[in-house]
Amino acid sequence: MTASGILLILGFVIFAALMVTRKLPTLLALPLMALWIAIVSGVSFTDWLNEILVKGSTKLGSSISLVIFGSMFAKIIQKTGISDAISQ
């Protein structure tokens, strides 16, 4: 395995561990992980910014909004006690 492959795996493991231990929010960790992968792969910052961050976020916009509204709806269900009534 090459040095860049080891760095990619090491970076992924570090970012995943930070997300799992809740030391770094996922919304911040994922773009940082994309930046790390681009740096290790040799992609320039402007290409990363234009191709990955901007175009990627527009492609994932509907999915991101569904996740955000779904989590808000789940929190409402939890606070109103509906989830407790369903589980009984």
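The values are calculated or read from the model by the stated rules, or taken from the named source; none is laboratory data. Everything quoted here is computed from the prediction, not taken from an experiment. Note that we place each Cβ from the backbone using ideal geometry, even for glycine, and neighbour counts take in every protein chain shown.
Couple of notes before you dig in:
- Search result, residues across segment 31-50 that are small (G, A, S) and in contact with a Phe, Trp or Tyr (Cβ under 8 Å, 6 or more places away or on another chain): A34, A38
- Unique match (being within 16 Å of the chain's Cα centre (by Cα), not assigned by TED's automatic domain parsing to the domain that holds G11 and not aromatic (F, W, Y)) among I82, I68, I76, I86: I68
- Applying the condition of being in a loop (DSSP other than H, G, I, E, B) and of a type in the set (A, V, I, L, M, F, W, C) to segment 4-63 and asking which residue is farthest from the chain's Cα centre (by Cα) yields V43.
- Taken over segment 41-70, the criterion of being of a type outside the set (D, E, K, R) and under 20 Å from L7 (Cβ atoms) is satisfied by S41, G42, V43, S44, F45, W48, I52.
- Segment 21-34, residues that are surrounded by 11 or more Cβ atoms within 10 Å (Cβ to Cβ) and at pLDDT 85 or above: L24, L28, A29, L32, M33
- Which listed residue is part of a helix (DSSP H, G or I), at negative phi and surrounded by 12 or more Cβ atoms within 10 Å (Cβ to Cβ), from I77, I68: I77
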